[in-house]
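The values are calculated or read from the model by the stated rules, or taken from the named source; none is laboratory data. No experiment lies behind these values; they were computed from the predicted model shown. FYI the Cβ positions are ideal-geometry reconstructions off the backbone, even for glycines, and counts take in every protein chain you see.
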Amino acid sequence: MKTHHAWLCIGPAVAGVLDCGLTLRGQSTIYWEGQYQDAVEGNPVFLGILRLHPLLFAIVSLLCLGLLCLSVLCFPTPAAKIIAWVLLVCHTFGVATWLIRPLPYGVLSCVVLFFIASRLRGWSWKKQADAEQRSASLADRNEVLAT
């Protein structure tokens with residue numbers, strides 16, 4: 001497990017939690033009165049879960065996000081970056097679908113959202129590269145000391 005890959009999980013985790021929260025926030029009053037069949041969600045798998053119960057939706061969403069972030073920690077750097085990027089884009093798109101209609105400047109808010117996601121990706125990838133470099137330097141130093 002590559003702990004320096006934890007930096008790559010920050011963007012997807014933030015976007016994923018925001019996506020889950022806005023999905024729950026976007027449900028109608030009828031849904032919250034117990035008519036779970038009135039759920040609104042673009043992902044058919046999660047729509048089915050949302051129709052069972054909102055708490056189940058939240059738990060499954062967070063568990064899936066945790067498992068996907070765990071996969072980022074286990075894969076080599078190039079694959080970990082691809083997984084993290086896909087998660088960030090998908091969840092940012094999910095957040096955007098909840099922002100575009102109700103806000104007076106929905107499209108502008110989505111542009112800002114994707115700009116922030118892009119900056120967060122760049123920042124986290126730089127932090128990951130710095131941590132990986134420090135880890136490699138430490139390993140080299142320990143190897144020299146061991147000889």
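Tell me which residues, restricted to the range 44-59, are touching a Leu at 6+ places or on another chain (Cβ under 9 Å) and surrounded by fewer than 16 Cβ atoms within 10 Å (Cβ to Cβ). Break it down stepwise before answering.
First, the residues of the range 44-59 that are touching a Leu at 6+ places or on another chain (Cβ under 9 Å): 49-50, 54, 56-58.
Answer for the range 44-59, where residues must be touching a Leu at 6+ places or on another chain (Cβ under 9 Å) and surrounded by fewer than 16 Cβ atoms within 10 Å (Cβ to Cβ): just Leu56.
Within the range 60-78, is there a residue that is at pLDDT 95 or above, surrounded by 14 or more Cβ atoms within 10 Å (Cβ to Cβ) and over 11 Å from the mean Cα position of the chain (by Cα)?
yes
From the set of residues in the range 1-17 that are at pLDDT below 95 and surrounded by fewer than 17 Cβ atoms within 10 Å (Cβ to Cβ), which is farthest from the chain's Cα centre (by Cα)?
For the range 1-17, the residue satisfying everything is Met1.
Considering only the range 35-52, state which residues are in a helix (DSSP H, G or I) and of a type outside the set (A, V, I, L, M, F, W, C). Let's see the steps before the verdict.
Residues of the range 35-52 that are in a helix (DSSP H, G or I), as a first pass: 36-38, 44-52.
Once the filter is applied, which keeps residues that are in a helix (DSSP H, G or I) and of a type outside the set (A, V, I, L, M, F, W, C), the range 35-52 yields Tyr36, Gln37, Asp38, Pro44, Gly48, Arg51.
The conditions are (1) under 14 Å from Leu22 (Cα atoms); (2) part of a helix (DSSP H, G or I), and Phe115 fails exactly one of them. Which is it?
Phe115 satisfies all of (1) under 14 Å from Leu22 (Cα atoms); (2) part of a helix (DSSP H, G or I) except (1).
Looking only at the range 18-34, filter to residues that are part of a helix (DSSP H, G or I) and in contact (Cβ under 8 Å) with a residue 24 or more places away in the chain; which one of those is surrounded by the fewest Cβ atoms within 10 Å (Cβ to Cβ)?
Applying the first criterion (part of a helix (DSSP H, G or I)) to the range 18-34 yields 18-25, 29-32.
Of the ones still in play, those that are also in contact (Cβ under 8 Å) with a residue 24 or more places away in the chain are 18-20, 22-25.
Details: Leu18: 17, Asp19: 24, Cys20: 21, Leu22: 15, Thr23: 25, Leu24: 18, Arg25: 9.
Ranking the qualifying residues of the range 18-34, first place goes to Arg25.
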